[in-house]
Each structure stands twice: as C-alpha cells, then as structure tokens.
Amino acid sequence: MASTVWFGVTTIGLWLFGIYILLFYGKATLQGDFTSWNDVLPHGYVTGDWLGNLVVGIHVLLASILVIGGPLQFIPSVRRYAPRFHRWLGRLYIITAIIVSTAGLIMVWTRGAVGDTIQHISISILAIYCIIFAVLSFLYAKARQFDKHKSWALRLFMVVNGVWLFRVELMCWLLIHGGPVGFNPKTFSGPFLTALTLFTYAIPISLGLLELYFYAHRKQRKALSLSVSALIFLATVIQLVGIAGATIGMWLPRLAKL
Ligand code: HEM
C-alpha cells in the first residue's frame with residue numbers, strides 16, 4: 001500500500017512537471033521565442049550559439065517524454081493490455097534518458113549552470129547513473145530476463161526523476177522554513193544545497209530506499225516490511241508538500257507570465 005500511494009503521488013508530481021515543461025518550453029519554442037527560456041535558465045539561449053541552443057532545446061523538450069512517459073511504464077494494466085505500447089515507450093524512454101543526460105552533461109560543462117562545482121559534479125554522476133541503468137535495463141529486456149529488467153528499469157526511473165525530486169525537496173524545505181535557510185539564494189550554494197545535491201544526485205537516497213524495498217520484498221519479515229513502509233510513507237509526505245510548493249511557487253507563476 002505504501003509503495004502504491006508513493007507511486008500515485010510521484011505520478012501526479014511528475015505529470016505536473018511535464019505539463020509545465022510542455023506549456024512553458026513547448027509554447028516558447030513553437031513561437032520561436034527562444035529568449036524567454038532565459039526567464040528561467042540563466043544559460044538557456046545565447047545569441048549566435050545555435051549548437052549550444054539546440055542542445056538546451058533538445059534537453060528540456062525531450063525531458064517531457066521522461067517525466068510523462070516514465071510512470072506509464074510501471075502501471076500494471078498498461079503492461080498487461082498494451083504490451084506493444086510498453087515495448088515502444090520503453091525503447092523511447094531509454095534512448096531519451098541517454099540523450100537528455102548527455103545533453104545535460106554538455107550543458108553543465110560547456111555553458112555552465114546555476115550552483116557550485118559540487119553540484120555540477122553531483123548532477124554529472126547522476127547523468128552517468130542514468131546512462132548505465134538505461135543500457136542495463138535495455139540489455140536485460142533484450143535477454144528476456146524480465147525480473148532483472150524490471151529492477152534496472154525501476155532504478156533508472158529513480159535516477160531520471162532525480163532532477164524533479166531535487167526541485168520538490170527544495171520546495172518542501174522552503175515551505176517548512178518559510179524562505180531560504182542553509183543556502184544563499186543569490187549564488188545558489190550553501191550547506192543545505194550541498195547536502196541536497198549529494199544525497200539526491202551523487203548518492204541518491206531514493207535509490208537506497210528502492211533497494212530497501214527490494215530487500216523487504218525478498219525477506220518477507222513483518223517488522224522489516226513495516227519499517228520500510230514507514231520510510232516510504234515519510235518520503236511520500238515530503239514529496240506531497242514539495243509538489244504543492246513547486247506547483248504553486250514555481251511552475252504556475254512561470255506559466256502565468258506567458
Ligand atoms: C534525466 C532527467 C532530466 C530531466 C527530466 C531534466 C529536465 C530539465 C528541465 C525541465 C530543465 C529546465 C528547468 C526548469 O524549467 O525548471 C532542465 C535544465 C537543466 N538541466 Fe536537466 N534534466 C535531466 C537531467 C539532467 C542532467 C543529468 C544534467 C546534467 C548532467 C542536467 C542539466 C541541466 C542544466 C545545466 C539545466 C539548465 C539549468 C541551469 O542553468 O542550471 N539535467 N533540465
């Protein structure tokens with residue numbers, strides 16, 4: 001029950017992020033109004049650098065496939081009643097995860113990004129996880145080892161969602177404290193953000209929780225299952241608060257400016 005509720009809340013949060021991506025970046029791109037990317041991204045559109053702009057465009061627009069398509073892959077009825085759709089979306093998801101992660105690496109190390117070097121290294125490690133897990137998930141599906149395929153696909157889902165989770169956790173923190181605490185909002189660095197990037201990107205706690213969930217499933221011990229369920233429940237509450245904060249405080253105001 002804990003994992004089902006977690007999945008429902010995660011799906012809603014990812015789809016809200018996906019709607020924001022499509023409406024904000026999709027609309028601006030279709031209208032050829034690339035400079036409005038810079039309302040959000042300090043290194044978004046640079047006049048004359050068509051290749052760099054293309055990489056940013058590919059990154060943000062293809063990201064919508066990941067955040068909207070990801071949850072669909074784990075809905076049992078979709079897999080049961082539409083196996084072909086599952087296979088095609090799976091291939092698309094895996095290719096997109098590799099392209100978006102590679103584009104992200106190019107953006108961080110050629111154009112720069114908000115935050116400090118620890119943050120840049122941490123998100124780069126996340127990109128490497130995404131690429132490795134995508135390849136493993138594909139190879140196990142090809143080899144028809146579906147148990148292993150599912151485990152690696154879930155790990156991929158967790159790391160790909162890391163960038164969404166970062167925003168949600170940050171907004172939860174801001175809501176709890178009523179403003180920025182533990183970091184400087186101007187430089188976007190400080191102890192809280194260092195910890196958040198380390199444990200969301202480089203050593204993802206979400207991945208640790210997934211491994212605990214796998215372990216509890218294997219062991220089938222009541223006390224262990226209850227403890228892991230309680231941790232998943234706590235993660236769900238944090239996400240719920242953060243999703244509300246990100247939607248009301250970040251995504252809706254940006255869409256309202258369009
Ligand atoms: C794999 C899943 C990923 C998704 C779904 C994703 C999605 C996005 C989205 C939607 C934005 C626009 C930000 C906004 O409007 O709030 C963005 C920006 C950005 N992303 Fe990603 N991203 C992913 C992975 C990565 C990775 C792995 C890296 C780096 C290695 C990266 C680097 C960046 C950078 C540098 C920006 C520009 C923000 C800035 O200037 O700091 N992304 N991403």
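The values are calculated or read from the model by the stated rules, or taken from the named source; none is laboratory data. Everything quoted here is computed from the prediction, not taken from an experiment. Ideal geometry is used to build each Cβ from the backbone, glycine not excepted, and the neighbour counts take in all protein chains shown. Heads up: the accessible areas ignore ligands, DNA and RNA and are worked out on the full protein's heavy atoms, side chains in. Shrake-Rupley method; radii C 1.70, N 1.55, O 1.52, S 1.80 Å.
Scan the stretch 110-130 for residues that are within 11 Å of the ligand (Cβ to nearest atom), under 19 Å from residue 193 (Cα atoms) and surrounded by fewer than 20 Cβ atoms within 10 Å (Cβ to Cβ) and jot them down.
112, 113, 114, 115, 120, 121, 124, 125
Go through (1) away from the ligand (no atom under 15 Å from the Cβ); (2) surrounded by 13 or more Cβ atoms within 10 Å (Cβ to Cβ); (3) within 25 Å of residue 87 (Cβ to Cβ) and name the single condition residue 182 misses.
Of the numbered conditions (1) away from the ligand (no atom under 15 Å from the Cβ); (2) surrounded by 13 or more Cβ atoms within 10 Å (Cβ to Cβ); (3) within 25 Å of residue 87 (Cβ to Cβ), the odd one out for residue 182 is (3).
Just name the residue that is farthest from residue 236 (Cα to Cα) out of those in the stretch 131-140 that are open to solvent by 30 Å² or more (accessible area, probe 1.4 Å) and away from the ligand (no atom under 12 Å from the Cβ).
Among them, the one singled out is 139.
Considering each of 12, 106 in turn, give the residue that is among the aliphatic types (A, V, I, L, M), near the ligand (Cβ under 9 Å from one of its atoms) and open to solvent by 60 Å² or more (accessible area, probe 1.4 Å).
Criteria check complete, one pass: 106.
Restricting the stretch 191-218 to residues that are away from the ligand (no atom under 15 Å from the Cβ) and small (Gly, Ala, Ser), which is nearest to residue 237 (Cα to Cα)?
For the stretch 191-218, the residue satisfying everything is 208.
What's the total number of residues in the stretch 220-256 that are within 21 Å of the chain's Cα centre (by Cα), β-branched (Val, Ile, Thr) and open to solvent by less than 30 Å² (accessible area, probe 1.4 Å)?
4
State yes or no: is residue 187 under 21 Å from residue 41 (Cβ atoms), open to solvent by 40 Å² or more (accessible area, probe 1.4 Å), among the polar types (S, T, N, Q) and touching a residue at least 40 places away in the same chain (Cβ under 8 Å)?
In short, yes.
Among the candidates 144, 155, which residue alone is at pLDDT 95 or above and either of a type in the set (Val, Ile, Thr) or open to solvent by less than 60 Å² (accessible area, probe 1.4 Å) (or both)?
Going through 144, 155 in turn, just one is at pLDDT 95 or above and either of a type in the set (Val, Ile, Thr) or open to solvent by less than 60 Å² (accessible area, probe 1.4 Å) (or both): 155.
Inspect the stretch 204-215 for any residue being of a type outside the set (Ser, Thr, Tyr), closer than 24 Å to residue 80 by Cβ and either free of Cβ contacts under 8 Å to residues at least 24 places away in the same chain or surrounded by 19 or more Cβ atoms within 10 Å (Cβ to Cβ) (or both) and give the result as yes or no.
There is at least one residue in the stretch 204-215 that is of a type outside the set (Ser, Thr, Tyr), closer than 24 Å to residue 80 by Cβ and either free of Cβ contacts under 8 Å to residues at least 24 places away in the same chain or surrounded by 19 or more Cβ atoms within 10 Å (Cβ to Cβ) (or both).
Could you list, in sequence order, the residues of the stretch 178-189 that are closer than 9 Å to residue 116 by Cα and out of contact with any helix residue (DSSP H, G or I) (no Cβ under 9 Å at 6 or more places or on another chain)?
Listed by number, the list holds a single entry, 187.
What is the residue count in the stretch 15-29 for residues that are under 21 Å from residue 154 (Cβ atoms) and either among the hydrophobic types (A, V, I, L, M, F, W, C) or away from the ligand (no atom under 16 Å from the Cβ) (or both)?
Total satisfying the criteria: 2.
Please name all residue pairs, on different chains or six or more residues apart, with Cβ atoms under 8 Å, provided the first residue is in the stretch 241-258 and is within 12 Å of the ligand (Cβ to nearest atom) and the second residue is at pLDDT below 95 and open to solvent by 50 Å² or more (accessible area, probe 1.4 Å).
The qualifying pairs are 254/39.
Restricting attention to the stretch 42-72, and to residues there that are open to solvent by 40 Å² or more (accessible area, probe 1.4 Å) and within 30 Å of residue 6 (Cβ to Cβ), which single residue is nearest to the ligand (Cβ to nearest atom)?
Within the stretch 42-72, the match that is nearest to the ligand (Cβ to nearest atom) is 59.
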